[in-house]
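Worksheet for the structure shown next.
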Amino acid sequence: MAETGTKPRTKTVLKPARPPLHKVILVNDDFTPRDFVVRLLKAEFRVPEAQANVIMLTAHTKGACVVAVFTKEVAEEKATRATEAARNKGYPLLFTTEPEE
Ligand code: TYC
């Protein structure tokens with residue numbers, strides 16, 4: 001075949017980097033009732049009953065437990081919303097966020 005002298009046309013297509021994920025963490029306290037924690041986890045994070053119980057008991061025994069991971073904005077929004085729902089009922093329950101390593 002005749003040489004055309006043109007270079008092979010290869011293009012580097014860069015995939016967009018995935019946004020870093022942030023954990024929503026449930027923090028234990030001595031005052032919030034266990035069943036309220038489980039109900040809140042189900043309502044705010046859509047976790048099934050059995051999983052909500054495991055998360056609650058893990059926080060209860062270890063001091064804290066990861067609930068789920070989201071993008072930064074969503075994690076912060078959900079943590080704030082869930083914490084406020086507890087505050088509205090007079091409980092000190094706290095959800096925090098931190099970047100996933
Ligand atoms: N420690 C609480 C109690 O004994 C229950 C509880 C569990 C509270 C997990 C917060 O993140 C928590 N009533």
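Just so you know, all these numbers are worked out from the coordinates, no wet-lab data involved. Please read these numbers as outputs of a predicted model, since none were measured by experiment. So basically every Cβ, Gly included, is an ideal-geometry build from the backbone, and we count neighbours across all protein chains shown.
Structural remarks
- Test: residue 50 is surrounded by fewer than 17 Cβ atoms within 10 Å (Cβ to Cβ) and away from the ligand (no atom under 13 Å from the Cβ): yes
- Test: residue 73 is loosely packed, with under 13 Cβ neighbours inside 10 Å, more than 9 Å from the ligand (Cβ to nearest atom) and closer than 15 Å to residue 96 by Cα: yes
- Options 62, 89, 72: the member that is touching a Phe, Trp or Tyr at 6+ places or on another chain (Cβ under 8 Å) and of a type in the set (Lys, Arg): 89
- Condition met for residue 24 (crowded, with 16+ Cβ neighbours inside 10 Å, touching a residue at least 12 places away in the same chain (Cβ under 8 Å), within 16 Å of the ligand (Cβ to nearest atom) and under 14 Å from residue 95 (Cα atoms)): yes
- Out of 100, 44, one residue alone is of a type in the set (Asp, Glu), at negative phi and in contact with a strand residue (DSSP E or B) (Cβ under 7 Å, 6 or more places away or on another chain). It is 100.
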